[in-house]
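Inspection log for the structure reproduced underneath, given as structure tokens.
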Amino acid sequence: MAENPHSDPSATEPKADEHIAQHHHPDWKTYVKVGAVLTAITIWEVWAYYIPSVVASRIFVPMLLTLSAVKFATVVMFYMHLKYDHRLFRVLFTGPLLIAALTLISLLFLFGQLVARFGR
């Protein structure tokens, strides 16, 4: 008597090897590109710190916060492989970062207005 392949429940389930093969991970070239972008952002941050007119401007702190947030998100997405994981994990990492960034920007705006209104 010939066996029916449809009667075997394990025949329809993907095997562990197939599941691993479907999961895409970046190659080394991607990591080199990401590292180059992170290096460029760091150079930009350090460069901005050594320009007195940039440090004295109102955009200095928000610019550094934004660049730091971009670097944080890039490291989390690529080096922690979060980009290739379930979307829920991305939300759990980037959601609190967005809330913290908006809170800090709001506080900077609030205290910036207070300083402008009451003098230094």
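All of the numbers you see were taken from the coordinates with simple rules; none came from a lab. No experiment lies behind these values; they were computed from the predicted model shown. Here Cβ is always computed from backbone atoms with ideal geometry, including for glycine, and neighbour counts include all displayed protein chains.
Structure notes:
- Length released on extending from residue 30 to residue 108, taking residue separation times 0.36 nm less the Cα-Cα span: 24.5 nm
- Simple spin-label estimate for residue 71 and residue 37 in nanometres, 7 Å along Cα-Cβ: 1.5 nm
- Packing around the peptides 103-110, 34-41, 66-73, taken as the average count of other Cβ atoms within 10 Å per residue, puts them in this order, highest first: 66-73, 34-41, 103-110.
- Relative contact order of the stretch 26-118, defined on C-alpha pairs under 8 angstrom at six or more residues apart (%): 24 percent
- Label positions at residue 85 and residue 44, each projected 7 Å from the Cα along the C-beta direction, are separated by 2.6 nm.
- Modelled this way, with points 7 Å down the Cα-to-C-beta line, the labels at residue 63 and residue 98 are 2.6 nm from one another.
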